[in-house]
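Everything on this sheet refers to the single structure shown next.
Read-outs throughout are calculated quantities, based only on the coordinates presented, and are distinct from any laboratory measurement. These numbers come from a predicted model, not from an experiment. With ideal geometry, Cβ positions are generated from the backbone for all residues, glycine too; neighbour counts draw on all protein chains shown.
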């Protein structure tokens, strides 16, 4: 039967690579862009938060427009696959520009950030809505679609693991400065360290190789608290002196000074090459099988009316928005939390990799768990469990790394279920519309996925920026950073947890249980096969 054609493992993996590519871009932006803006590019946190929110304000329109365009694209490659090909290189290029730091004044920096970020969201839309819709037309079986969704999320978390696990180490590699370092030992584990560079380094960061010792400025006022790293601007041949303590047997080669601007830019350039390559593989290995009925007339107004009457889609739109606020808030604050609360930025990479590994397990567990309890109830349980576990991080001190990792991993296992179910259930909403109204607008339905992802991320960025601004955070001022620690802890723990619990309450209203979806799938299968028979007879 046409709509029950089996999908090979090769095709599932090929499809998954597309979300691996998308998450190099999206998780890279969600996790690192805010700290890049505030600590490296020098944009105030409130301004960065407003930027992330304002730039997303047009997403609802652009996403719907792209869904309409995808449904009406006519190509020998199908409706949606060609967009994956056409946008692969533009998406890689704009991601690279997003993490490039031109030498501009405060106003110029803000304008550059707005322009590049808005272009990024538009190109991401042109890529990701067709990519998401492709899943719904690769198969008409809702259970196979759930399995395909699991593969997709494994790819997504794999791409996330690549960028979140490797980026900080790549920054350290590409941004390595070869400074002149002089140190004198004051006692067993206390040193006076002076650094200078023959070149200007606009945004340097210094720490020891092992990341154990703490740094404080030698001539700073008493408000300067010892931290495991310091960020500062280095003028050519100027000397900068620190008191370093807590680690013995230090030598000049024990210290690492990183040019963060160069490090971030070169690292993203490299990862962008992988992004484009993965997108090309997705295009080459996938196939579109489900098409709208030949009797369906092109009627945009009718498609929009059907969409607004589609209760499953409306519920998914709200829940998708909320769980993306939840996930993006956690991702956006993680590096800041580890850098300024645990004083170990590279440990954030290990934490993020651990979350990605457990996320793969959560994604693969989604299909069997959904068969046991149904997609709707699994979604509700996962939201409540993940939110409550995440809230417990508020009780962890900076030395409780085992507890932080344990709670984060447990919460993320359940959080991995959200997007896996969400994109599969959007396909169910498309089937529901075809079953109820006799019309199918897959791209328009899947515009909810991109809108929820991008606008949810924008709201999360605004929340982070505003909370940090309330606590007077300044990523280039060590005293201000320490004063903002309570806000950083809130953003890492109970603020996103509240959002998850609200999302669970909304999901209770979702009307499509497994019994209903089995009925819809069977009736649509019979209808499509009858149409195919009549078409062949004609």
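Some values worked out for this structure:
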read-out: Principal axis box of the chain, alpha-carbon based, largest edge first, Å; value: 91, 41, 38
read-out: Cα extents of region 229-275 along the three principal axes, largest first (Å); value: 42, 26, 15
read-out: Distance from region 88-121 to region 175-207 (C-alpha centre basis), Å; value: 31 Å
read-out: Spin-label proximity, residue 192 to region 231-251 - amide N less than 15 Å from point 7 Å beyond Cα toward beta carbon; value: 239-245
read-out: Part-to-part distance (alpha-carbon centres) for region 352-387 and region 219-291, which is given in Å; value: 32 Å
read-out: Degrees separating the helix 401-415 axis from the principal Cα axis of the chain, which is the longest one; value: 20 degrees
read-out: The chain: angle of helix 106-138 to the longest principal axis, Cα-based, in degrees nearest 10; value: 30 degrees
read-out: Exposure proxy order (Cβ contacts within 10 Å, fewest to most) of 325, 402, 201; value: 402, 201, 325
read-out: Cα principal axis extents for region 285-427, largest first, Å; value: 65, 33, 32
read-out: Value of relative contact order over the chain, rounded to a whole percent, pairs C-alpha under 8 Å and six or more apart; value: 26 percent
read-out: Proxy reagent accessibility, fewest Cβ within 10 Å first, across 471, 423; value: 471, 423
read-out: Region 263-354 shape via C-alpha gyration tensor axes, a/c threshold 1.5; value: oblate
read-out: Mean Cα-pair separation over length for region 176-260, i.e. relative contact order, pairs under 8 Å, 6 or more apart, %; value: 42 percent
read-out: Rh by Kirkwood over Cα pairs, then Stokes-Einstein D for region 176-260 at 1.306 mPa s and 10 °C, µm²/s; value: 125 µm²/s
read-out: For region 183-335: rounded, prolate or oblate by the Cα gyration tensor [a/c cutoff 1.5]; value: prolate
read-out: Computed [θ] at 222 nm, deg cm²/dmol, the chain (DSSP H ≥ 4; -39,500 (n - 2.57); rounded to nearest 500); value: -23500 deg cm²/dmol
read-out: Burial ordering of 289, 145, fewest other beta-carbon atoms within 10 Å first; value: 289, 145
read-out: Rounded, prolate or oblate (a/c below 1.5 giving rounded, otherwise prolate when a/b exceeds b/c) for region 402-461 by Cα gyration tensor; value: oblate
read-out: Cα long-axis angle, helix 9-35 against the chain (0 to 90 degrees, to the nearest 10); value: 40 degrees
